[in-house]
Structure formats: structure tokens, C-alpha cells
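Only one structure is covered here, and it is reproduced in the block below.
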Amino acid sequence: MKKTTTDFGFKEVPITEKSKLVESVFHSVASKYDLMNDVMSFGLHRLWKKFTIEQSGVRSGHYVLDLAGGTGDLAKAFARRVGHQGLTILSDINRSMLAEGRRRLLDEAIINNITFVEADAEKLPFKENYFDCITIAFGLRNVTDKIAALHSIYRVLKPGGKLLVLEFSKPTLPFLDKIYDKYSFKIIPKMGEWITGDKESYEYLVESIRQHPDQEHLKNLMMECQFEDVSYHNLTGGVVALHKGFKY
């Protein structure tokens, strides 16, 4: 029997409703998203993203898609790397997040080789074999059908192209998981309430991390979707992991 429900944090909701519920979360937090990231991660999210960029191998003339790109941290760095001969597409399904990213990049005059596309990762509106590199940072766990998204990503990658998935994962240090749980469930929602006025959205975000596949599970999902040479690198004791896979 075909599954009709999926997770929204710890809740089970109809599959047809999840994207709207996730959309409402990010509409709510868009304007304070970067500030909350800095506060929640103690600034570490910037180091995680820097590592992702270094692992990308992106260079002048490349075409790069930053999925769930939000406020544009990765897209900004990629635009500088690909230069005027290349192209960076900042894509997000959430209009508020995409508008915030566009505003910030316009403010920094980084616009000549960036295109902004509102798109669903499960049904990417790009031609086959188009991108040299695709990244999705802290966004895959919010996708309703991760398998569909990975297939869609695979289709639009060039042969030899690379997918990088930066996402919260499962702590690998024995003492860290308990500390991380207490911090996540007790502190982060309160931070969300103080900074954004929205406790519930950050309760969802914490729960969505626990529902996301762990390192090995996500590696296997990528392999099932035809990605090859799939590997991952744990960051901050496995709190975050960077998965890498290739299309050959």
C-alpha cells in the first residue's frame, strides 16, 4: 500500500500537507534565519559551509546549483569562484527565504553571475546534465520525498558532476549525544522564541534533525539513487556531516 503520511518533526501528517507546513516555518523565520544560525551553532555553521565550499572543487567557468540556498551564504562564495564565465543558481522552494537571499546578494553587489529560481528539489526545472556541482545545505531533511529529490538532482548533474549534502546528523562521540539532546530540546526553542518570536518553528527544526537519516542511511540512499563514490565527513563530532557523491 502506498504511504499517505510522512513526518513533520515528530508528527505524522498527510504527505500532501508537509511542504505547506515547512513553507510556513521558513516564512516565519526568514528575516532572522542567519542570526539564529549564528546563535544556535556558536558561529560554527560558517566553518561547516566553508569546508563544503573547499570540498566542492568548484572553479572558474563551472555551473553550480545551490538548492535550499536560503539567504545565499554558499551561493555568494560559489559566484566568486565560478567568475563571469560560470553561473551560480540560488534556488529555494520558499519564496520568503529566496527573497531574503536575493536582497542580501544585491546589497553586496553580487548579482552578475547569479540567477534566482524558486523550485522544488523533487522536480527541478533544469535540463539534464547541466550542473558541475550541486549543493544542498541544511535543506534535505525538509524535503518530503528525499528519494525523488536525489533522483531529480542526479538527472541535472553533468557526468562527472558532484553532489554535496551538508546536513545535521548523528553525533558519534558517546558523551556528545546527551549534551546535544539537552541543548537541542531545552535551549534552541527558547532561543527561537527570544530572537524570532517563534518557538514552535524551532521545535520543528530540532525534531526534523532527529527524523533525518543518519550518516550511513543517507549514504545508502544516495547510492540507491545511482550516485557513486559516496562518502561522508563528520564535522563537530558528527553533529553535522558532509556527504559527497558523483555522477559518472
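The values are calculated or read from the model by the stated rules, or taken from the named source; none is laboratory data. The structure presented is a predicted model; accordingly, all values stated were derived computationally and were not measured. Don't worry about glycine lacking a Cβ; one is built from the backbone with ideal geometry, like all the others, and counts go over all protein chains shown. All accessible areas refer to the heavy atoms of the entire protein, side chains included, with ligands and DNA or RNA removed. Shrake-Rupley method; radii C 1.70, N 1.55, O 1.52, S 1.80 Å.
From Arg102, Arg141, grab the single residue that is in a helix (DSSP H, G or I), open to solvent by 10 Å² or more (accessible area, probe 1.4 Å) and under 19 Å from Leu21 (Cβ atoms).
The unique qualifying residue is Arg141.
Tell me yes or no: at least one residue of segment 76-83 is over 22 Å from Ser184 (Cβ atoms), open to solvent by less than 10 Å² (accessible area, probe 1.4 Å) and not in a helix (DSSP H, G or I).
No: zero hits.
Please state which one of Ser41, Ser28, Ser24, Ser60 is among the polar types (S, T, N, Q) and touching a strand residue (DSSP E or B) at 6+ places or on another chain (Cβ under 9 Å). Reasoning before the result, please.
Values: Ser28 fails: touching a strand residue (DSSP E or B) at 6+ places or on another chain (Cβ under 9 Å); Ser24 fails: touching a strand residue (DSSP E or B) at 6+ places or on another chain (Cβ under 9 Å); Ser60 fails: touching a strand residue (DSSP E or B) at 6+ places or on another chain (Cβ under 9 Å).
The match here is Ser41.
Picking from Leu205, Leu176, Leu242, Leu221, which residue would you name as being in contact with a His (Cβ under 6 Å, 6 or more places away or on another chain) and either open to solvent by less than 40 Å² (accessible area, probe 1.4 Å) or within 24 Å of Thr6 (Cβ to Cβ) (or both)?
Leu242
Looking only at segment 114-138, count every residue that is open to solvent by 50 Å² or more (accessible area, probe 1.4 Å), assigned to a loop (DSSP other than H, G, I, E, B) and under 26 Å from Leu205 (Cβ atoms) and tell me the total.
Number of matching residues: 0.
Listed here are the residues, each with its yes/no results for (1) part of a loop (DSSP other than H, G, I, E, B); (2) open to solvent by 40 Å² or more (accessible area, probe 1.4 Å); (3) in contact with a Gly (Cβ under 6 Å, 6 or more places away or on another chain).
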{"position": "Asn37", "(1), (2), (3)": "no, no, no"}
{"position": "Glu54", "(1), (2), (3)": "no, yes, no"}
{"position": "Leu106", "(1), (2), (3)": "no, yes, no"}
{"position": "Asn112", "(1), (2), (3)": "yes, yes, no"}
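State which residue pairs qualify: first residue free of Cβ contacts under 8 Å to residues at least 40 places away in the same chain and inside segment 152-169, second residue open to solvent by 40 Å² or more (accessible area, probe 1.4 Å) and in a helix (DSSP H, G or I) in any location, beta carbons under 7 Å apart, and separation of 6 or more residues or different chains.
Filtered contacts from segment 152-169: Ser152/Glu122; Ser152/Lys123.
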